[in-house]
Amino acid sequence: MTELLDVRSRDARLDSIFNAALHEVTRRKDTPQVQACFYPYAGLSSTIRLRNGRVFARVSDVLIQSPPEVLHSLACILVAKLYRVKAPSEHEKVYHEYATSTPVLHATERTRRKRGYKIITSALGRTYNLEEAFSSLNKQYFGGELDRPVLSWSQGKTRRVLGHHDHVHGTITISRTLDSPKVPRFVTEYVLYHEMLHIKHPPKMVRGRTIYHSREFRSDERLYEQFDDALKYLERIASPVRRERRPRRSRS
């Protein structure tokens with residue numbers, strides 16, 4: 001991959017590609033005017049929107065040296081999302097194979113390290129200390145062999161995502177929902193243990209798909225002493241969130 005360029009201006013090549021995608025996907029003779037550019041996102045994100053009768057598209061500059069057929073496939077996928085239709089499967093295949101190729105994955109990680117950032121608070125919570133918990137779990141379950149990442153409590157309390165391991169920035173973030181005397185220690189430590197397993201079992205590509213929880217991961221997960229009890233407790237935390245997400249029934 002060549003050095004990434006910080007390009008934000010209109011790109012005539014992309015304009016032409018998105019115009020072709022609009023005609024192909026919508027099958028309309030008259031399509032909106034397009035303004036497209038490469039944009040320095042922190043990763044492989046690309047966006048499209050329709051405003052005031054114009055289509056505005058931004059494509060990650062990680063893809064600036066991509067073959068035309070890849071950019072065309074991505075444009076068709078984005079246009080399909082914009083008009084809420086299904087993208088042709090051949091375009092999804094072309095783009096997915098290119099986006100998950102080793103050079104592109106490496107380029108994406110480099111841009112995330114360079115441009116992305118993590119909001120870090122502290123490992124010391126009001127109730128639990130993540131550094132102490134990490135050291136204890138590392139000794140008990142990993143033979144003390146895991147390198148300690150940056151450990152942090154989240155800024156706010158979250159229920160949908162209780163823990164996250166970011167292999168690019170080398171961080172583990174745990175939701176402040178679990179930093180409470182009302183939450184048993186074994187529950188908080190289970191969530192941390194789960195994220196630590198992502199260090200031992202990093203994601204891998206299998207037939208074009210990224211596998212985050214492999215068979216080996218799931219097997220090690222069950223080694224946690226209070227695995228079943230922790231899952232039952234976390235199920236109670238997640239239940240109110242699922243109820244909130246259920247669509248309300250309209251009354252006749």
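For region 155-207, enumerate the residues that are of a type in the set (D, E, K, R), within 23 Å of Leu223 (Cβ to Cβ) and more than 20 Å from the chain's Cα centre (by Cα). The answer is Arg185, Glu189.
Looking across Ala75, Ala57, one residue alone is of a type in the set (A, V, I, L, M), in contact with a Cys (Cβ under 9 Å, 6 or more places away or on another chain) and within 25 Å of Arg115 (Cα to Cα). It is Ala57. Taking region 27-48 as the range and being more than 21 Å from the chain's Cα centre (by Cα) and exposed (fewer than 15 other Cβ atoms within 10 Å of the Cβ) as the test, the residues that pass are Arg27, Arg28, Lys29, Asp30, Gln33. Looking only at region 105-130, residues that are of a type in the set (Asp, Glu) and exposed (fewer than 13 other Cβ atoms within 10 Å of the Cβ) come to 0 in all. Checking each residue in region 60-114 for being of a type in the set (Phe, Trp, Tyr) and either free of Cβ contacts under 8 Å to residues at least 24 places away in the same chain or not in a helix (DSSP H, G or I) (or both) picks out only Tyr83. Looking for something under 25 Å from Ser101 (Cα atoms), out of contact with any Phe, Trp or Tyr (no Cβ under 7 Å at 6 or more places or on another chain) and either assigned by TED's automatic domain parsing to the domain that holds Ala107 or at pLDDT below 95 (or both) - is there at least one such residue anywhere in region 51-59? No, every residue in region 51-59 fails to be under 25 Å from Ser101 (Cα atoms), out of contact with any Phe, Trp or Tyr (no Cβ under 7 Å at 6 or more places or on another chain) and either assigned by TED's automatic domain parsing to the domain that holds Ala107 or at pLDDT below 95 (or both).
The values are calculated or read from the model by the stated rules, or taken from the named source; none is laboratory data. Keep in mind that what you see is a predicted model, and the values were worked out from it rather than measured. Cβ: placed from backbone, ideal geometry, glycine included. Neighbour counts: every protein chain shown.
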